[in-house]
Structures are given as C-alpha cells and as structure tokens.
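Only the coordinates and a few stated rules stand behind these numbers; no lab work does. Predicted model only: the values in this text are computed from it and were never measured. Quick reminder, even Gly has a Cβ in these numbers, built from the backbone with ideal geometry, and neighbours come from all protein chains shown.
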Amino acid sequence: MVQRLTRMIGPPQNQPATDVPVLDLYGHTETGSPGRRWPICPRKGHLKFVNPATGAVTTGRCRVLTCHACIWPEALNFGAAIGLAKPRWLGTITQVGFAWPEIQRRMMHFRKVLNRAEVPVEYAWHVEPNPDGTGQHHVHFWAHGNALPKSAVTAAAVASGAGAVADVTPAHVTGDAAEVPTLAYGMKACRPPHAEVTSLWPEARHFLDANGGRLGRTTKGFWRDAAGAPLRTLREAVRMARSEQGRGDWLLSAA
Ligand SMILES: [Zn+2]
C-alpha cells in the first residue's frame, strides 16, 4: 500500500510512511517512559493527572490544535476514533488544489459525484501537501462500504478537478481484531519533529491551513462504535476509542 502511494505522490516528507508510532501522550508519564518525552503544554502543563487504573501520572493539555504540545495528542485521539470506526478502505486522490477553499469545494463536488454514482461511502479525510514542491495537495480518506471501486473514485476525482490519479486499497487494519488501532497516517505532519519544540513547526502549520484549521473532516455518519453502530460526534468517538484502548480516565491530582 505504502509503495503504491509513494509512487503516486512521492515519499512522505517527515518520515518513512510505515513509521506512524502510536504514542499515548495523555497517558504518557514523564517518569515511566524514558526516551519518549514530548513537549509540556504551556497552558495546562502545570496540572497533574493520575490514571486511577495504573497509577501513571501525566501533565495537563489545553487541546488547542495550534499548541505545539497538544496537536499530536489530538491527532492521535482523532486517529484512534478513526480506528474505532474500522474503515474498510484507504483512498487517495492526488491533485485536490492549492489552498483550503479550493480543496473544500473540490471535496464537496467529489462526494456529490460519488453519491450520484450510487457509491454509498462515508469517510474521514485529511489533506497533505504533495512532496513535489508544486504547492498541490492530496487527500487520504478512510472509507466505509462493502465496495469502493477505484474506477468510481477516479471518475469522481476527475469530475471534481482533483486529478486523474487516484488509488483505493483495503485499509488492512492489522493486529488483534479486538484492538482499536490509531490511524494517524494522514496526519504525519502533526508529530513534533523533536521533544524540544517550543512553537508550532512549519509542516504542522501548513497542515492546519490546508485542512481549514482542523485535523481532518468526516462525512456525516462516519463515526462508529466498536460494534459498528453510528456515533454522532468526534468527541463521543474519541472517548470510546480511548476507553477501548485502555487509556480512558485521568483524574486531576491535587498534589
Ligand atoms: Zn496545549
């Protein structure tokens, strides 16, 4: 899958595409995970939280996407919520535009064309810059559906002006079927380049701009619980995903 995508859009900018680590930053202890330190939130980092189940300790987060300390934990939460929904397909379209308004317009058109073709598809999507330096962007989308013909995706991409090169591949969510994976592939730019960052780095800033200030978008009806039943909101999906991943509740510590 990664090789095919790399052929289409070039290699990922920050890191090998296979290296999408699943870090539990909320459940991340400063004392218990040597070598995996990440930035402390400047706004809420003075607060201490305890996981009553494990006794682990972590610091607070403001959860604002433009916070250099909080964007990656938020991306991992978003990715966990996508993992909880168990999408069947990972699609890519390759020339979605240069800036968010244009990208948004094309993606709305893209969805309309798919619907008109009676390809019922609900998906979560992220915009990333193409690594060729042209200023163009591509979209990865995690999709539900028994079938998602590549021909239909390509036709919808062409019709919406998003390029003639598209791909669809099974999502191949690996690991134990009962486990909820963190699908952060489309949000690689949100990972801090190192633990000492003190402000948002250019790739993350560009990512937020290209995604209209968010980590990604979803069509109505994308979020699902572990049994496949619809969930209404990202917030609900994140809460359930975190609980399924065994990192649910953290309590504010008085100490
Ligand atoms: Zn923060």
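Numbers for the structure displayed
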quantity	calculated
Among residues of region 92-103, those that are buried (at least 19 other Cβ atoms within 10 Å of the Cβ) and more than 14 Å from residue 135 (Cβ to Cβ), counted	2
Within region 104-144, considering residues that are among the β-branched types (Val, Ile, Thr) and surrounded by fewer than 21 Cβ atoms within 10 Å (Cβ to Cβ), the one nearest to residue 187 (Cα to Cα)	134
Tally, over region 55-64, of residues that are within 11 Å of the ligand (Cβ to nearest atom), over 17 Å from residue 195 (Cβ atoms) and either buried (at least 18 other Cβ atoms within 10 Å of the Cβ) or of a type in the set (Phe, Trp, Tyr) (or both)	1
Total residues in region 67-99, condition more than 15 Å from the ligand (Cβ to nearest atom), part of a helix (DSSP H, G or I) and among the β-branched types (Val, Ile, Thr)	1
Filter result for residue 220 (in contact with an Asp or Glu (Cβ under 8 Å, 6 or more places away or on another chain), assigned to a helix (DSSP H, G or I) and basic (Lys, Arg))	no
Residue count, region 230-247 (criterion: part of a helix (DSSP H, G or I), among the charged types (D, E, K, R) and surrounded by fewer than 20 Cβ atoms within 10 Å (Cβ to Cβ))	4
